[in-house]
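Colleague: Pasting in a structure now, in structure tokens, and then I'll have a few things to ask.
The values are calculated or read from the model by the stated rules, or taken from the named source; none is laboratory data. Predicted model only: the values in this text are computed from it and were never measured. Ideal geometry is used to build each Cβ from the backbone, glycine not excepted, and the neighbour counts take in all protein chains shown. For the accessible areas, the whole protein counts, side chains as well, though only heavy atoms, and no ligand, DNA or RNA atoms are used. Shrake-Rupley method; radii C 1.70, N 1.55, O 1.52, S 1.80 Å.
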Amino acid sequence: MPTWIHDHPIAERIEALLALSREHAATYCSPSASLSRERYLARHPTRILAMKCMDGRLHLPHATRTPLGIITPFRNLGGIFDLGWPYLGEILTDAVGQAIRAGNGVLLVITYHFSRGSKARGCAGFDCDHRAALAHARQIQAQAERLFGRDRRNVYPLVCGFETDSDALIVHGEDDATLDIGTLAEDATPSLERRLASLCPDMAADIRRDLLPLLAGNLAHVAALRGVARDLDIEHREWVICVGRGFDFLHLPNTALIIGPYGPDLAEPIGTAADIIDDNMAAGRIPDDGFMLLASTPYQAVGVDRARAELKSRFLADFAARVIQRQHPRLAERMRSHTAVVHWPTRRLERLDGSTGGPT
């Protein structure tokens with residue numbers, strides 16, 4: 001989706017976003033992509049889960065040159081999670097259980113992000129405070145250790161920074177040591193295994209083996225970007241509020257505010273997202289003709305699983321609409337609400353209804 005679409009009428013923006021979803025699904029389902037995933041997983045079977053901010057700049061498959069579908073993302077405003085929340089805990093333990101029963105380990109990548117060039121380009125969820133974001137990532141790591149074992153033999157919770165100016169990963173290891181991919185020379189790939197073994201000596205050999213391609217891919221990606229002019233100072237102009245899961249296609253900077261069902265209080269982040277949309281309209285950063293509310297839930301199989309996903313999506317859309325109506329009644333009049341389910345094996349977004357003016 002082109003960046004200039006932000007200035008277009010709301011109907012055109014919505015259609016461009018849905019077209020992006022269709023393009024993502026087509027790419028994911030292509031024969032080449034499917035074979036690439038199968039080949040990759042045959043060589044690197046460790047299950048990789050990534051907890052990260054909804055910021056579109058954090059596109060880990062792109063930044064690590066990993067086939068789509070290998071890294072399972074958990075995205076939320078600010079990358080703020082609490083593994084004690086039952087729903088999130090159930091999703092994680094189910095994913096871990098599937099991997100363990102198949103004889104594979106799990107790499108849980110817990111990310112935070114920041115900008116070296118400007119503090120203001122950091123994570124808004126932590127008021128651009130780099131240290132606060134890192135501290136929260138370490139809290140999640142400690143929770144994961146309590147949940148899956150402090151020896152980290154089966155599930156390895158790894159804290160990783162993401163420097164958004166260069167797309168470089170910063171891997172955090174023992175005794176506050178780090179491996180900053182952005183500081184390495186382009187020809188440093190052969191030394192990565194030795195560096196990683198020294199940084200994370202308690203990491204199981206098979207998990208370390210399957211992390212190395214991500215680091216090597218990131219090294220090549222960062223090297224390719226050196227000297228390339230990039231637009232780093234795009235102003236905030238979000239015009240989409242996403243509630244639920246299944247937004248893999250939305251890796252666009254300053255477009256969507258994604259709120260995952262990963263905490264007991266959904267009203268607060270929905271209200272915050274509405275505040276941001278309202279401010280964007282008032283400042284003229286986006287047209288004031290409307291914004292999109294998109295609720296989505298993934299499903300695996302037809303029948304009861306899909307029907308339950310439909311109910312979840314409709315509930316999330318109704319809940320979000322009521323919050324926006326209560327806190328921003330004038331903004332709610334310009335809301336276009338869409339509900340959808342995502343067939344997770346194909347990443348295909350299926351709309352359940354058309355847009356509506358005002359809350360559903």
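Colleague: In nm, to one decimal, how far is the Arg146 label point from the Ala26 one, both placed 7 Å along Cα→Cβ?
Modeller: In this crude label model, Arg146 to Ala26 measures out at 4.8 nm.
Colleague: Return the Cα extents of the stretch 115-252 along principal axes one, two and three, sorted largest first, each rounded to a whole Å.
Modeller: 43, 38, 28
Colleague: Highest mean first, what order results for 183-189, 306-312 on Cβ atoms within 10 Å?
Modeller: Put in order of decreasing packing, that is 306-312, 183-189.
Colleague: Further question: Keeping all protein chains in place and using 1.4 angstrom, which order do Thr27, Thr111 fall into by accessible surface area, from largest down?
Modeller: Sorted by accessible area, descending: Thr27, Thr111.
Colleague: Let me ask something else. Where in the stretch 137-170 are there trypsin sites (Lys or Arg not before Pro) that are in a DSSP coil and have at most 12 other Cβ atoms within 10 angstrom of their Cβ?
Modeller: Arg150
Colleague: Could you compute the FRET efficiency for Asp180 and Leu352, with r as their C-beta to C-beta distance and R0 at 35 Å, rounded to 0.05?
Modeller: The formula returns an efficiency of 0.20 here.
Colleague: So what's Rg/Rh here for the stretch 227-348, counting alpha carbon atoms and using the Kirkwood radius for Rh?
Modeller: 1.02
Colleague: Considering only protein heavy atoms and a 1.4 Å probe, what is the carbon-and-sulfur percentage of the accessible area of the chain?
Modeller: Whole-percent figure for carbon plus sulfur exposure: 51.
Colleague: Output ³J(HN,Hα) for the stretch 324-331: one whole-Hz value per residue in order, computed from phi by the Karplus curve 6.51 cos²θ - 1.76 cosθ + 1.60 with θ = phi - 60°, and x for Gly and Pro.
Modeller: Result, rounded to whole Hz: 5, 4, 6, 8, 9, x, 6, 5.
Colleague: Still on this structure, I have one more. Let me know the whole percent of all Cα-Cα pairs from the chain that are separated by more than 38 Å.
Modeller: 15 percent
Colleague: Over the residues of the stretch 21-112, compute the C-alpha Rg and express it relative to 2.2 N^0.38 Å.
Modeller: So the stretch 21-112 has a normalised radius of gyration of 1.15.
Colleague: So, one more: If you count only protein heavy atoms with a 1.4 Å probe, what accessible area per residue comes out for the chain, rounded to a whole Å²?
Modeller: Normalised by residue count, the accessible surface of the chain is 44 Å².
Colleague: Could you calculate the contour length gain from Val302 to Thr72, that is, 0.36 nm times the residue separation minus the distance between their Cα atoms, to one decimal place in nm?
Modeller: Value of the extension gain: 80.7 nm.
Colleague: Please report the net charge: other residues with Cβ closer than 12 Å to the Cβ of Asp206, K and R +1, D and E -1.
Modeller: +4
Colleague: Related question: Just to be sure I understand: if I project the alpha-carbon convex hull of the stretch 157-227 onto a plane and average over all orientations, what area do I get in nm²?
Modeller: Result: 4.6 nm².
Colleague: A further question on this structure: Anyone know which of Ala320, Ala205, Ala223 comes out most mobile in the 10 Å Cα GNM of the chain?
Modeller: Ala205
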